[in-house]
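Step one of this worksheet: look at the structure below.
The values are calculated or read from the model by the stated rules, or taken from the named source; none is laboratory data. Predicted model only: the values in this text are computed from it and were never measured. Positions of Cβ are backbone-derived with ideal geometry, glycine not excepted, and every protein chain shown enters the neighbour counts. In case anyone asks, the SASA skips ligands and DNA or RNA and just uses the protein heavy atoms, side chains included. Shrake-Rupley method; radii C 1.70, N 1.55, O 1.52, S 1.80 Å.
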Amino acid sequence: MNLTVLASLCAGIAVTCTALVFVEFFSALSARYRERFIQETSVEMDDVLLNMPPSKILDVSLALAAACAAAAVFAVGFLVENMTVMKGVVAALLAAGLAFPAPRLLLRHLRKQRLAKFNEQLEDALLSISGSLKAGFSINQALEVIANENRKPLSSEFSLLMHEIHLGVSLDEALDK
């Protein structure tokens, strides 16, 4: 009897230690994923000029995935007569997997649209800068005209450029940024 209790105790300790190792592993893995996700999202948000913490996109992604998983379980429960736990889990995982990347995909779409609009407006802006320089304006005056008299996204980009120049950054560095 004592050996049985000792064996059970050892097995319980082994299972507890294994569970702790798994929890630690997945905790470190999720922390690294979160860090990478926030870093990549930060770049995408800067390109779209959203003033919002990138961690909120992760929160929105997780909330959307959870909501879609719950909706999928309810939908499968109503549509399938003999609902099993496995069908519910599969539906939830599938819905969550499809919904999780949606906010980042929306950011990428907005980024592409913004870049396309910027490229459309850039030719006219360069012609305007050229005309301003021929008329005797300085480069800063020509850039200021573009920043003030055009539509977004071109005007916002040139406004950022002028803001950098007004802060004392050289024109080359401001253009690079």
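Would you compute, from DSSP H runs of 4+ residues alone, the mean residue ellipticity of the chain at 222 nm, taking -39500 (n - 2.57) per run and dividing by the full residue count, rounded to the nearest 500?
That calculation yields -29500 deg cm²/dmol at 222 nm.
Using a 1.4 Å probe over the heavy atoms of the protein chains, calculate the carbon and sulfur portion of the accessible area of the chain as a whole percent.
After summing per-atom areas, the C and S share lands at 66 percent.
Give the ranking of Val80, Val15 by solvent-accessible surface, highest area first, calculated with a 1.4 Å probe.
Ranking Val80, Val15 by accessible area, largest first, yields Val15, Val80.
Where only protein heavy atoms count, and the probe is 1.4 Å, what is the accessible area per residue for the chain in Å²?
With the other protein chains kept in place, the chain gives 71 Å² per residue.
If all Cα-Cα distances of the range 43-82 are sorted into 5 Å bins from 0 onward, what percent lands in each bin, rounded to whole numbers?
6, 21, 16, 14, 11, 10, 8, 7, 5, 2
Over the chain, with a Gaussian network built from C-alpha contacts below 10 Å, which listed residue (Ser42, Ser130, Ser159) shows the highest mean-square fluctuation?
Per the Cα network of the chain with a 10 Å cutoff, Ser130 tops the list.
To the nearest 0.05, what FRET efficiency results for Ser27 and Lys152 with a Förster distance of 35 Å applied to their C-beta separation?
E between Ser27 and Lys152, to the nearest 0.05, is 0.25.
Please report the spacing between the Cα centers of the range 82-121 and the range 134-170 in Å, no decimals.
The range 82-121 and the range 134-170 have Cα centres spaced 36 Å from each other.
In whole Å and largest first, what semi-axes does the C-alpha gyration tensor of the range 1-47 yield when each eigenvalue is scaled by 5 and square-rooted?
One finds semi-axes of 45, 4, 4 Å for the range 1-47.
Under the √(5λ) rule applied to the eigenvalues of the Cα gyration tensor, what semi-axes describe the equivalent ellipsoid of the chain? Give them in Å, descending.
The equivalent ellipsoid of the chain has semi-axes of 56, 24, 9 Å.
Which order do you get for Arg111, Arg32 if you rank them by accessible area with a 1.4 Å probe, largest at the top?
These residues rank, largest area first, as Arg32, Arg111.
From the phi angles alone, apply the Karplus equation (6.51, -1.76, 1.60; θ = phi - 60°) to the range 152-158 and give each ³J(HN,Hα) in whole Hz, x where the residue is Gly or Pro.
6, x, 4, 5, 5, 5, 6
Determine the sum of side-chain charges near Leu106: Lys and Arg each +1, Asp and Glu each -1, restricted to other residues whose C-beta is under 12 angstrom from that of Leu106.
Its environment carries a net charge of +3.
For the range 72-142, compute the orientation-averaged projected area of the C-alpha convex hull (one quarter of its surface), in nm².
The number I arrive at for the range 72-142 is 7.1 nm².
Given the Cα-Cα distance of Arg34 and Val89 and 0.36 nm per residue of separation, how much length would full extension add, in nm?
So the chain would gain 17.4 nm between Arg34 and Val89.
Ordered by residue, what ³J(HN,Hα) values in Hz, to whole numbers, does the range 55-63 give under the Karplus form 6.51 cos²θ - 1.76 cosθ + 1.60, where θ = phi - 60° and Gly and Pro are x?
Working through the residues one at a time gives 5, 5, 5, 5, 4, 5, 4, 5, 5 Hz.
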